[in-house]
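Each remark here refers to the structure printed beneath this line.
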Amino acid sequence: MSLEHDLESVAIDIAREAGELARKRRDAGVAIAATKSALADIVTEADREVEALIRTRLNEARTDDGFLGEETGAEPGSTGVTWVVDPIDGTVNYAYGIPFYSVSIVAVRGEPTPDAWEALAGVVYAPVLGELFHAVRGEGAWLGADRLAVNPEVGPAGALLGTGFGYDPATRPGDLELIGRVMPGLARDLRRGGSAALDLSYVAAGRLDGYFERGLAPWDLGAGSLIVAEAGGRFGRAEPDGGPRAPLVVAATPAIFDRLADAAGLR
Ligand code: IPD
């Protein structure tokens, strides 16, 4: 088995176990453990427990790899491979009992920052929806056993787009202004799902034509960006206006990527 396939299989097993734990904890009731960057930015007890489980399992399976997790931070490894992990992407959905949340795990080579890494294998697992999106670098992306491909074209009514908002209220005017630039002339409608990892996977599956958001963290976009690219989509990330605090991400079918990127101000 190639290194990439080996990493994918490790990630799939761990994501399934982690997702089931998240679901079980949700059924038992959610405890908010703390707020983070803003009042709306919460971490639940389950986020911490699920990340701890993922970290333990990765340590058992791939002892010398590095780790970068949303809740517990970074630990360098010695193999050149780092695991970038969001234990529950869509924490607010999770807290409210909305099933659109996921476990996101990606193995990357190189510096574990989106502009520098080479993503090798990634998984996004939505335990309540029972959907597992996965991809291997250079080989493709799948939903379960089904090969994924982005929509080849966009109909005359326009593109179905997804977006999201960061937790900092100060970024809201900019987010709304961005929507005002992107929607006219391009979008038939807009969805705000609440899990960037799933939004990106939805672009890969043709359930969205494109997606844009400012302020995503590496663990929000790592696995999903590989899944989009391996489904034939395009993914771009830049820091056009707000600098490192508000990087802009655009992902879409090639049929609209350039128009969406231009309207969003990616380049
Ligand atoms: C959040 C989700 C959400 C996106 C936010 C992210 P979290 O991740 O992906 O959809 O709009 O920007 O922070 O906090 O639930 O892991």
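Pick out, from Val50, His5, Ala15, the residue whose Cα sits farthest towards the positive end of the charge dipole of region 1-88, with +1 on the Cβ of Lys and Arg and -1 on the Cβ of Asp and Glu. Farthest towards the positive pole: Val50. Taking 7 Å steps out from each Cα toward its Cβ at Ile12 and Glu75 produces label points 2.7 nm apart.
Here, P(r) means the percent of Cα pairs in each 10 Å bin from 0 to the largest distance; for the chain it is 7, 33, 37, 20, 3, 0. Note on Ser2 and Arg237: with the Förster distance fixed at 22 Å, the Cβ-Cβ geometry gives a FRET efficiency of about 0.25. In a simple Cβ point-charge model (Lys, Arg +1; Asp, Glu -1; nothing else charged), region 112-267 has a dipole of about 180 debye relative to its Cα centre.
Computed with a 1.4 Å probe over protein heavy atoms only, the accessible surface of the chain comes to 42 Å² per residue. Under the combined filter of DSSP loop state and at most 14 neighbouring Cβ atoms within 10 Å, region 56-162 retains none of its trypsin sites (Lys or Arg not before Pro). For region 77-157, the Stokes-Einstein estimate of translational diffusion at 25 °C and a viscosity of 0.890 mPa s comes to 169 µm²/s, using the Kirkwood hydrodynamic radius over alpha-carbon pairs.
Using the basic label-point model (7 angstrom from Cα toward the beta carbon), what is the Leu190 to Thr113 distance in nanometres? Each label point is offset 7 Å from its Cα along the Cβ direction, giving 3.0 nm. A full extension of the chain between Ala52 and Ala157 corresponds to an added length of 33.3 nm, given 0.36 nm per residue minus the alpha carbon distance.
When its C-alpha radius of gyration is set against 2.2 N^0.38 Å (N residues), region 63-107 gives a value of 1.37.
Using the alpha carbons alone, the radius of gyration of region 104-200 stands to its Kirkwood radius in an Rg to Rh ratio of 1.01. For region 126-179, the list of GluC sites (Glu not before Pro) that fall in a loop by DSSP and count at most 12 other C-beta atoms within 10 angstrom reads Glu153. Charge dipole of region 3-147 (Cα centre as origin; +1 on each Lys and Arg Cβ, -1 on each Asp and Glu Cβ, all else neutral): 360 debye, rounded to the nearest 20.
Count Lys and Arg as plus one, Asp and Glu as minus one, and take only other residues whose Cβ is under 10 Å from that of Ala223; the net charge is then -3. Projecting the Cα positions of Tyr96, Trp219, Val84 onto the charge dipole of the chain (unit charges on Cβ atoms of Lys, Arg, Asp and Glu, taken about the Cα centre) puts Tyr96 furthest along the positive direction. A cut-off under 10 angstrom between Cβ atoms defines the neighbours of Leu160, and their net charge, with Lys, Arg +1 and Asp, Glu -1, is +1. Label-to-label distance, Tyr96 versus Ile32, with points set 7 angstrom from Cα along the beta-carbon direction: 1.3 nm.
Expressed as a whole percent, the accessible surface of the chain that belongs to carbon and sulfur atoms is 50, based on a 1.4 Å probe. A simple charge model with +1 on the Cβ of Lys and Arg, -1 on the Cβ of Asp and Glu and nothing else charged puts the dipole of the chain at about 640 debye relative to its Cα centre.
With Rh defined as the Kirkwood radius, the inverse of the mean 1/r over Cα pairs, the Rg/Rh of region 159-264 is 0.92.
Net length available on complete extension from Leu176 to Asp258 is 27.5 nm, with 0.36 nm assigned per residue and the Cα-Cα distance removed. Taken over region 3-147, the convex hull of the Cα atoms encloses 106 Å³ per residue.
The values are calculated or read from the model by the stated rules, or taken from the named source; none is laboratory data. A quick note: this is a predicted structure, and the numbers were derived from the prediction, not measured. Don't worry about glycine lacking a Cβ; one is built from the backbone with ideal geometry, like all the others, and counts go over all protein chains shown. To get the accessible areas, we keep the full protein, side chains included, count just its heavy atoms, and leave off ligands, DNA and RNA. Shrake-Rupley method; radii C 1.70, N 1.55, O 1.52, S 1.80 Å.
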